[in-house]
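*Asks:* Pasting in a structure now, in structure tokens, and then I'll have a few things to ask.
The values are calculated or read from the model by the stated rules, or taken from the named source; none is laboratory data. From a predicted model like this one, the values you see are computed outputs, not experimental measurements. Using ideal geometry, Cβ is built from the backbone for each residue, glycine included, and neighbour counts are taken over all protein chains shown.
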Amino acid sequence: MRLSAASLITAAALASIVFVPLVAHAADDIAVSITNHKFEPSEIKIPANKRVIITVTNNDATPEEFESRTLKVEKVIPGKSKGIVRVGPLKPGHYPFVGEYHEDSAKGAIVVE
């Protein structure tokens, strides 16, 4: 069976309509910034059992590390740049994180509900 070019284009268009929304909602995006060696917001609320992407923007001139020993996550974010941290899916609970280079001031938590 041979398909015409119009049939192939129509099939491709229909497939993209169905497929794109599923990909776009595969993970939630959360934005966190580091300013003056502090995370803002310092508490992140995310839904249970969902994969989440955290975009960390480091506004400071020096590097900082997003680290969570509980989640076994370490990501160095150079000064004046962004980094991506992926977490989950997680069970409900409280998951602390710190900026390893400034643990005294860069503290936060992920609260999973």
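*Asks:* Please find, within the range 66-91, the residue that is nearest to the chain's Cα centre (by Cα) out of those that are among the β-branched types (Val, Ile, Thr) and over 16 Å from ALA109 (Cα atoms). Break it down stepwise before answering.
*Replies:* Filtering the range 66-91 down to residues among the β-branched types (Val, Ile, Thr) leaves 70, 73, 76-77, 84-85, 87.
Now narrow it down to the ones that are over 16 Å from ALA109 (Cα atoms): 76-77, 84.
Details: VAL76: 14, ILE77: 13, ILE84: 6 Å.
Out of the qualifying residues, it is ILE84.
*Asks:* Separate question: Could you list, in sequence order, the residues of the range 78-102 that are in contact with a Phe, Trp or Tyr (Cβ under 9 Å, 6 or more places away or on another chain), free of Cβ contacts under 8 Å to residues at least 40 places away in the same chain and either more than 16 Å from SER42 (Cα to Cα) or aromatic (Phe, Trp, Tyr) (or both)?
*Replies:* Initially, the range 78-102 is screened for residues in contact with a Phe, Trp or Tyr (Cβ under 9 Å, 6 or more places away or on another chain), giving 83, 85, 87, 97-100.
When the remaining residues are screened for being free of Cβ contacts under 8 Å to residues at least 40 places away in the same chain, the result is 83, 85, 98, 100.
GLY83, the sole residue that qualifies.
*Asks:* Separate question: State which residue pairs qualify: first residue over 17 Å from ILE30 (Cα atoms) and of a type outside the set (S, T, N, Q) and inside the range 66-77, second residue at pLDDT 95 or above and not in a strand (DSSP E or B) in any location, beta carbons under 7 Å apart, and separation of 6 or more residues or different chains.
*Replies:* VAL76/PRO63
*Asks:* I'd like the residue in the range 23-55 that is exposed (fewer than 13 other Cβ atoms within 10 Å of the Cβ) and part of a strand (DSSP E or B) and, out of all such residues, is modelled with the lowest pLDDT.
*Replies:* Here the residue is ASP29.
Residue-wise test of (1) of a type outside the set (Gly, Ala, Ser); (2) part of a strand (DSSP E or B); (3) touching a strand residue (DSSP E or B) at 6+ places or on another chain (Cβ under 6 Å).
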| site | (1), (2), (3) |
| --- | --- |
| ALA61 | no, no, no |
| GLU67 | yes, yes, yes |
| THR70 | yes, no, yes |
| VAL76 | yes, yes, yes |
| VAL85 | yes, yes, yes |
| LEU90 | yes, no, yes |
| VAL98 | yes, yes, yes |
| SER105 | no, no, yes |
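*Asks:* Taking the stated definitions as given, is GLY93 closer than 16 Å to SER33 by Cα, surrounded by fewer than 17 Cβ atoms within 10 Å (Cβ to Cβ) and among the small types (Gly, Ala, Ser)?
*Replies:* Numbers: closer than 16 Å to SER33 by Cα: no; surrounded by fewer than 17 Cβ atoms within 10 Å (Cβ to Cβ): yes; among the small types (Gly, Ala, Ser): yes.
In short, no.
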